[in-house]
Amino acid sequence: MHLDIGAALGDGADPGVDEDDLDELDERVATAHETIAAGRATDEFGYAALNLPDETDPSVIREAVEPVTDAEYVLTVGIGGSALGAKTVTAALADEPDRHVVLDNVDPEHVERTLSGLPLEDTVINVVSKSGTTAETLANFLVVREAYEERGVDWTELTVVTTGESGPLAELVEEHDLPRLSVPDGVPGRFAALSSVGLVPAAVLGIDIEGLLDGASAAADGLGPSLSDSPGYAYGAVCYALEEAGAVVNAVVPYAERLEYFAEWFAQLWAESLGKEGRGQTPARALGATDQHSQLQLYRAGPRDKMVTVVRPQERTEVPIPESEHDSLSYFAGADLGQLLDAEYDATVASLAEAGRPAVEIELDRLDAEGVGELLYAMEAATVLAGELSDVETFTQPAVEWGKRAARGLLSGEETEETRTVAERPSYRID
């Protein structure tokens, strides 16, 4: 993986990072790295996530899914980190990514339509909840289970569960003797993509999860006390510095359809980890080249409160553009779609730089298992480092927990501080 911060430096970008400040930033990275390394050494909560490439045993995952590897589809029932990492991996690496379907919302029409369109007798249920008590996951699983029973399909023969040691899902595993994988200790869900939480669908679909972990391990080996040691650290440090300079929005723009879900995964990782105490960049998601025609205008000419992160693989599939008899299309001669997409990428970065808007480039050698593993790990390391520099509690999510308690109270009818707040929320209706 390669990082280029040239278009984010202060001699051209506003906001930008002054080259004179990089040495001071590097000293702060060294201090943060010491904290991170110490946390990893003791498997401290949160920091333990950066040990997953060496801690995750792919053979255990493959053994758990072996009875269902001939299934046509995988249906993941989870939410947030229990679904986004898994879908990011399969979207990037599966030969047929549509074979992995996710229920990560409780929109009744979407759930009903999804289930009606699947051959349930040939669909693995992958249920993921660290606590085993997540309301959305449990509700959807109950609906899924009933749908299987109504069609006469034995769901117990097609279900794999990833959960903690206790809770309703753990009890269900014992009751029905279901294959169960453990959630790694000390790892928040959004940092768990490189564990059984994120790798079960990939294993069912025959993806090289060993290669994925190898790529992540290589990225882990590169972590050191300088931002020049690791693209991940460098990215986290530069994003922190740009936020300090006023870039409070981070627009992540992959130039590869297979990485579109990566932007979704990154948005949760970045927002939930760093959005605390009045700090944190707001992640925006776009897709190159599609959103050059819908969002680039804002990024280039709107408020100077944004940075743009562009991501691409260096190797692409060759799809030649046929020649045309029209002279106006002569510039396509001898080109292919990958070259056109790369030209769009280069033009976007140059356009932003010309307007003095900060951009950071992330390039993978190729979009394979090792490259994706390296990318995921680097972004996790970047997030942890940015949290250290920002002095926030990177691994907690108190605002999310408040909402969970409020929702449970509303469903149960129990009066709590949260439900009273919901009842008293401001209202100014216009009908």
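Coordinate-derived values only; no laboratory data. Values in this document were obtained by computation on a predicted structure and should not be read as measured data. All Cβ positions, glycine included, derive from the backbone under ideal geometry; neighbour counts span all protein chains shown.
Working ranking of peptides 272-281, 347-356 by packing, defined as the average number of other Cβ atoms within 10 Å per residue, highest first, is 272-281, 347-356.
For the chain, relative contact order (Cα pairs under 8 Å, six or more residues apart, normalised by length) works out to 23 percent. When the alpha carbon gyration tensor of the chain is reduced to an equivalent ellipsoid, its three semi-axes come out at 36, 27, 23 angstrom, largest first. For the stretch 20-108, GluC sites (Glu not before Pro) meeting the loop criterion (DSSP other than H, G, I, E, B) and having at most 15 other Cβ atoms within 10 Å: 44, 72. Scanning residues 5 or more positions from residue 282 or on other chains, those with amide H under 5 Å from its amide H are 249, 250, with H placed 1.01 Å from N in the peptide plane.
The fraction of all Cα pairs in the stretch 50-207 landing in successive 10 Å bins from 0 to the largest distance is 11, 46, 37, 6, 0, given as whole percents. The length gained by stretching the chain between residue 329 and residue 290 to full extension, at 0.36 nm per residue less their Cα-Cα distance, is 12.0 nm. Here the average projected area of the convex hull drawn through the C-alpha atoms of the stretch 62-111 stands at 4.1 nm². Rounded to the nearest 0.05, the FRET efficiency derived from the C-beta distance between residue 423 and residue 19 at R0 = 60 Å is 0.65. Annotation: peptides 114-120, 217-223, ranked by per-residue average of other Cβ atoms within 10 Å with the highest first, follow the order 217-223, 114-120. For the stretch 50-207, the dipole from Cβ point charges (+1 on Lys and Arg, -1 on Asp and Glu) about the Cα centre works out to 540 debye, to the nearest 20.
Electrostatic bookkeeping for residue 11 treats Lys and Arg as +1 and Asp and Glu as -1; over the other residues with beta carbon under 11 Å from its beta carbon, the sum is -4.
Working from the Cα coordinates of the stretch 1-110, the gyration tensor eigenvalues give, after taking √(5λ), semi-axes of 38, 22, 14 Å in decreasing order.
Phi angles of the stretch 101-108 translate, via the Karplus equation with coefficients 6.51, -1.76, 1.60 and θ = phi - 60°, into HN-Hα couplings of 10, 10, 10, 10, 9, 10, 5, x Hz per residue; Gly and Pro are given as x. Per residue of the chain, the DSSP helices (runs of n ≥ 4 H) give a summed -39500 (n - 2.57) that works out to -14000 deg cm²/dmol at 222 nm.
GNM on the chain, alpha-carbon springs under 10 angstrom: the most fluctuating residue among 290, 137, 419 is 419. In the calculated pair-distance distribution of the stretch 28-75, the portion above 17 angstrom amounts to 55 percent of the Cα-Cα pairs. Dipole magnitude for the stretch 160-291: computed about the Cα centre from +1 point charges on Lys and Arg Cβ and -1 point charges on Asp and Glu Cβ, it is near 440 debye.
Given +1 at the Cβ of Lys and Arg, -1 at the Cβ of Asp and Glu and no other charges, the dipole of the chain around its Cα centre is 1280 debye to the nearest 20.
Rg ratio for the stretch 146-263: its Cα radius of gyration over 2.2 N^0.38 Å, N being its residue count, equals 1.47.
For residue 359, the residues 5 or more places off, or on other chains, whose built amide H falls under 5 Å of its own are 7, 8, 308. Each residue in 379, 307, 1 was given a count of other beta-carbon atoms within 10 angstrom of its own, and listing them fewest first yields 1, 379, 307. In order along the stretch 177-183, phi translates into HN-Hα couplings of 6, 8, x, 10, 10, 8, 7 Hz, rounded to whole numbers, per the Karplus curve 6.51 cos²θ - 1.76 cosθ + 1.60 with θ = phi - 60° and x for Gly and Pro. Straight Cα distances below 21 angstrom link residue 130 to the lysines 87, 404, with same-chain residues fewer than 8 positions distant left out. Remark: the stretch 2-16, residue by residue, has Karplus-estimated 3J(HN,Hα) of 10, 10, 10, 9, x, 7, 10, 7, x, 6, x, 9, 9, x, x Hz, where x stands for each Gly or Pro and the curve is 6.51 cos²θ - 1.76 cosθ + 1.60 at θ = phi - 60°. For the stretch 382-431, trypsin sites (Lys or Arg not before Pro) meeting the loop criterion (DSSP other than H, G, I, E, B) and having at most 12 other Cβ atoms within 10 Å: 429.
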